[in-house]
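Trainee: Mind looking over this structure? Questions follow.
The values are calculated or read from the model by the stated rules, or taken from the named source; none is laboratory data. Because the structure is a prediction, the values reported are computed rather than measured. So basically every Cβ, Gly included, is an ideal-geometry build from the backbone, and we count neighbours across all protein chains shown. Remember, those area values only see protein heavy atoms, side chains included, never the ligands or the DNA or RNA. Shrake-Rupley method; radii C 1.70, N 1.55, O 1.52, S 1.80 Å.
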Amino acid sequence: MLSSLRSLLSATKCPATRRCSGFVSRTRYVNRLKEDDVSCAAALQNGRIFLFHRLSPLLQRTERGTFRPAALISSDVQAILERLGSDGSLLRESVLINCSEQNQAQFCLDVGELDQEAVEEECEGNFVDLRKSFFLLSGAEAPLVAQGQALLRWHQTSRFCSATGQPTHRNQAGSQRVCSSSGTVYYPKMSPVVIVLVSDGKRCLLGRQSSFPRGMYSALAGFCDMGESLEEALCREVAEEVGLEVQSISYSSSQHWPFPHSSFMLGCHASVSPTDTQLDVDHTELEDARWFSLEEISSALQVKTPPRRGEPPVLWLPPEHAIGNRLITEWVVRQRESES
Ligand SMILES: NC(=O)c1ccc[n+]([C@@H]2O[C@H](COP(=O)([O-])OP(=O)(O)OC[C@H]3O[C@@H](n4cnc5c(N)ncnc54)[C@H](O)[C@@H]3O)[C@@H](O)[C@H]2O)c1
Ligand SMILES: [Mg+2]
């Protein structure tokens, strides 16, 4: 089990290899901004800002009718805030996200204290709930918006030290908060979640929670317990949710996921014996879980928009930039290879 995890880990592409020169300097620049408040304040003056309103990102419609998150110039945001009656100090609450390939620092800012419609009119866009945004944005943009929302949420819920009850203060980048009384340093938190596509060699296993949109199924997922390894969490979740014992595991890839808060999704494939596929679904966790054939999954991958109200139910899968979709697509590729 562990050897297959190791071999897949070594074969997984590093994000830097997908980029051309400049990755190292950009990475070090972002790191410097996290440590140096003066440099970060200067970067903010020339940076790009992604606006949110009560954690919903601002999206603009493109000429092609698609959507993109609005990356506003810092000075434009400052002018808009002033026109809408904010004293200008709000801009300094921006939180550093990253640095673009054009070497511009990227920040996020929640303008929830301003009138939503007035900001939308000024910015020629709309604040769209993050779940809905995820189905409207492309693969490259959704993670940026998710990261921004996760950081803003963490700041909004970490204003006080959980040990002393005293206020915490952030650095300029927003990469940490410090208790004003004890000096305890807090960093943004994530919850590790294992997501696994189980296969019996011919079919793959998908489940749905009652909260999922109608017709949607995904790979099994669950939060890791304190002290568990990834492999232990995976075996426990599969046993708990569908009553199966996993035989082997291989690692695929990972992803930050903003729901319900900040999850760190660790994606794996797992196999069960073809003679041990009888499901015993825990209906307190899952509304349904079923085995699906390659044909069923292949046609579901073609469904790009969820069925409208009143239309007959149809199997559809998580959006392309969700790791669940990636695991399912990898399984389809492997099945086709093994059958050819
Ligand atoms: N990106 C993707 O493709 C994809 C696909 C499927 C699921 N997911 C995500 O995986 C997450 C976990 O899946 P799940 O809901 O089946 O988990 P789960 O099976 O562990 O069940 C959720 C329950 O676990 C408990 N729990 C334990 N630790 C928790 C923590 N740190 N935060 C919240 N609840 C905790 C709670 O009681 C909660 O109701 C979901 O939030 C979902 O958004 C992502
Ligand atoms: Mg689960």
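Trainee: Suppose we keep just the DSSP beta bridges with both residues in the chain; what percent of those would be antiparallel, to 5?
Mentor: 75 percent
Trainee: Suppose R0 equals 22 Å; then what is the FRET efficiency for E339 and D276 from their Cβ-Cβ distance, rounded to the nearest 0.05?
Mentor: 0.50
Trainee: What is the projected area of the convex hull of the Cα atoms of the chain, averaged over all directions, in nm²?
Mentor: Details: hull surface 83.1 nm².
Here the figure is 20.8 nm², rounded to one decimal.
Trainee: A further question on this structure: Bin by bin, in steps of 10 Å, what percent of the Cα pairs in the stretch 23-179 do you find, going until the bin that has the longest distance?
Mentor: Each 10 Å bin holds this share of Cα pairs: 11, 39, 36, 13, 1, 0.
Trainee: Okay, moving on. Is the shape of the stretch 20-69 best called rounded, prolate or oblate, per the rule: a/c under 1.5 gives rounded, else a/b larger than b/c gives prolate, else oblate, with a ≥ b ≥ c the square roots of the Cα gyration tensor eigenvalues? Write down the numbers at each step before the final one.
Mentor: Working: a/c = 3.01, a/b = 1.64, b/c = 1.83.
The shape class here is oblate.
Trainee: Please work out whether the stretch 205-285 counts as rounded, prolate or oblate from its C-alpha gyration tensor, where a ≥ b ≥ c are the square roots of the eigenvalues and a/c under 1.5 means rounded, while otherwise a/b larger than b/c means prolate and anything else oblate?
Mentor: Because a/c hits 1.5 or more and a/b fails to exceed b/c, the stretch 205-285 counts as oblate.
Trainee: Ranked from the most accessible area to the least, with a 1.4 Å probe and all protein chains present, what is the order of T62, T329, T284, T305?
Mentor: T284, T305, T329, T62
Trainee: Moving on to the next point. Between R64 and M190, what is 0.36 nm times their sequence separation minus the Cα-Cα distance? Round to one decimal in nm.
Mentor: Numbers: separation 126, 0.36 × 126 = 45.36 nm, distance 3.56 nm.
Length gained between R64 and M190: 41.8 nm.
Trainee: Let me ask another. So if a site counts as exposed when it's one of the GluC sites (Glu not before Pro), its DSSP state isn't H, G, I, E or B, and it has at most 16 other Cβ atoms within 10 Å, what's the longest stretch of the chain without one?
Mentor: Longest site-free region, per DSSP loop and neighbour criteria: 125-227.
Trainee: Okay, moving on. Could you list which residues have their amide H under 5 Å from that of C224, counting only those 5 or more apart in sequence or on another chain, with H placed in the peptide plane?
Mentor: V193, V194
Trainee: Still on this structure, I have one more. Filter the trypsin sites (Lys or Arg not before Pro) in the stretch 129-165 to those in DSSP coil with at most 13 other Cβ atoms within 10 Å of their Cβ, and list the result.
Mentor: In loop regions of the stretch 129-165 (DSSP not H, G, I, E or B), the sparsely surrounded trypsin sites (Lys or Arg not before Pro) are R159.
Trainee: If you build a Gaussian network model of the chain, linking Cα atoms that sit under 10 Å apart, which residue out of P306, P167, P57 swings the most?
Mentor: P167
Trainee: Tally Lys and Arg at +1 and Asp and Glu at -1 over the other residues with C-beta under 12 Å from the C-beta of R177: what net charge comes out?
Mentor: Value of the local net charge: +3.
Trainee: In the stretch 308-340, which trypsin sites (Lys or Arg not before Pro) fall in coil by DSSP and have 13 or fewer other Cβ atoms within 10 Å?
Mentor: Sparse-neighbourhood loop trypsin sites (Lys or Arg not before Pro): R308, R309.
Trainee: Considering only protein heavy atoms, what per residue accessible area in square angstrom results for the chain with a 1.4 angstrom probe?
Mentor: Counting only protein heavy atoms, the per-residue value for the chain is 53 Å².
Trainee: Considering the zone a paramagnetic label at F259 would reach in this model (a point 7 Å from Cα along the Cα-to-Cβ line), which residues of the stretch 57-71 have amide N under 16 Å from it?
Mentor: 57
Trainee: Turning to a different aspect of this structure: Let me know the shape class of the stretch 91-145, please: from the alpha-carbon gyration tensor, a ≥ b ≥ c as square roots of the eigenvalues, rounded when a/c is under 1.5, otherwise prolate if a/b is greater than b/c, or oblate. Walk me through the numbers before you get to the answer.
Mentor: Numbers: a/c = 1.99, a/b = 1.16, b/c = 1.72.
Oblate, since a/c reaches 1.5 and b/c is not below a/b.
Trainee: Still on this structure, I have one more. Among all the aspartates and glutamates, which ones have a C-alpha under 15 Å from K202's C-alpha, if same-chain residues fewer than 8 places away are not counted?
Mentor: Hits, sequence-local ones excluded: D276, E295, E296, E330, E337, E339.
Trainee: Over the chain, what percent of the accessible surface lies on carbon and sulfur atoms, probe 1.4 Å?
Mentor: 50 percent
Trainee: Considering only F135, N171, T277, whose Cα is most displaced toward the positive end of the charge dipole of the chain, charges sitting on Cβ of Lys, Arg (+1) and Asp, Glu (-1)?
Mentor: Among F135, N171, T277, the one farthest towards the positive end of the dipole of the chain is N171.
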